[in-house]
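The values are calculated or read from the model by the stated rules, or taken from the named source; none is laboratory data. Since this is a predicted model, take the numbers as computed values, not measurements. Here the Cβ is made from the backbone with ideal geometry for all residues, glycine too, and neighbour counts use every protein chain on show.
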Amino acid sequence: MAINATPPPAIAALVPDSEGHGKVLRIVYAHHLDGESLALQLFHRFVHRLQAGTPLPDEITHSEVMALLGEQGADCAEGWHSSANEATEEASNEAWQWVRDQVNRLFPGLSWKVEPDRRMNMPGIDADQVADIVIRARPLASDVTCPATMFDPALTYYADGTHLVMRARGTERLGHAFGMADGTPYAFQAVRWEDGGADLIAPHVLHRVETRAEGDTV
């Protein structure tokens, strides 16, 4: 479910310039950031420091995050934008994991990836797909069946650990359930694939793998 991406109008006030040059306009504005959007803001602040040889701190504080966001907003308001050479994949992967950990620590429960139009293609991000799904999915201790509607048949979501097969577009893929995540028009089953990776899957293409004799097909 997308968050409200329309911030309220900025609030402006005339204040004395800190260097004594007269009046300046102080702008107070709002941004709506989901977890991934916030992590990306921090990523671009820290990855080049890491690339330049400055180790990442063990932790960053809430006030430091707010200060960085405020600094970034001021830079954008003044038209200042910095650029740097593309960071290496190694630095990108380390910085991305670090900022994810900081966001999850400072803002527990923050939604992730609710604004896919803001998603950026950055090195190493595919490696985090399973972790992102784990954050979104809620565990299921037992099977859950949603009744049929005029639009959808009855949909079954399987308990965590259930051996499943996806049959779609003439292909089959085996995996195990590990929860369900809200979506539109229905919730999705979280599946960890036997051949690696994970996805959120439409429930109507998933089926339980029944116990079978060795050598039998699915």
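Going through segment 20-60 one residue at a time, which ones are closer than 17 Å to ARG100 by Cα, surrounded by 11 or more Cβ atoms within 10 Å (Cβ to Cβ) and without any contact (Cβ under 8 Å) to a residue 24 or more places away in the chain? Outline the logic, then answer.
Within segment 20-60, the subset closer than 17 Å to ARG100 by Cα is 33-50, 55-60.
Checking the rest, the ones that are also surrounded by 11 or more Cβ atoms within 10 Å (Cβ to Cβ) come to 33-50, 56-57, 59-60.
Hits for segment 20-60 are LEU33, HIS44, ARG49, PRO57.
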Quiz item: Could you count how many residues in segment 151-167 are within 25 Å of ILE135 (Cβ to Cβ) and among the aliphatic types (A, V, I, L, M)?
Solution: 4
Quiz prompt | Qualifying positions in segment 164-184 - within 10 Å of LEU206 (Cα to Cα) and either of a type in the set (Lys, Arg) or in contact (Cβ under 8 Å) with a residue 40 or more places away in the chain (or both) | solution = LEU164, VAL165, MET166, ARG167, GLU172, ARG173, LEU174
Quiz item: In segment 76-105, how many are modelled with pLDDT of 65 or more and of a type outside the set (Val, Ile, Thr)?
Solution: 15
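With GLY53, GLY73 as the choices, which residue is modelled with pLDDT under 85, outside the structural domain of GLU194 (by TED's automatic domain parsing) and not in a loop (DSSP other than H, G, I, E, B)?
Working: GLY53 fails: not in a loop (DSSP other than H, G, I, E, B).
Of the residues listed, the single one that is modelled with pLDDT under 85, outside the structural domain of GLU194 (by TED's automatic domain parsing) and not in a loop (DSSP other than H, G, I, E, B) is GLY73.
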Quiz item: If a residue has to be outside any strand (DSSP E or B) and surrounded by fewer than 12 Cβ atoms within 10 Å (Cβ to Cβ) to count, how many in segment 162-193 make the cut?
Solution: 4
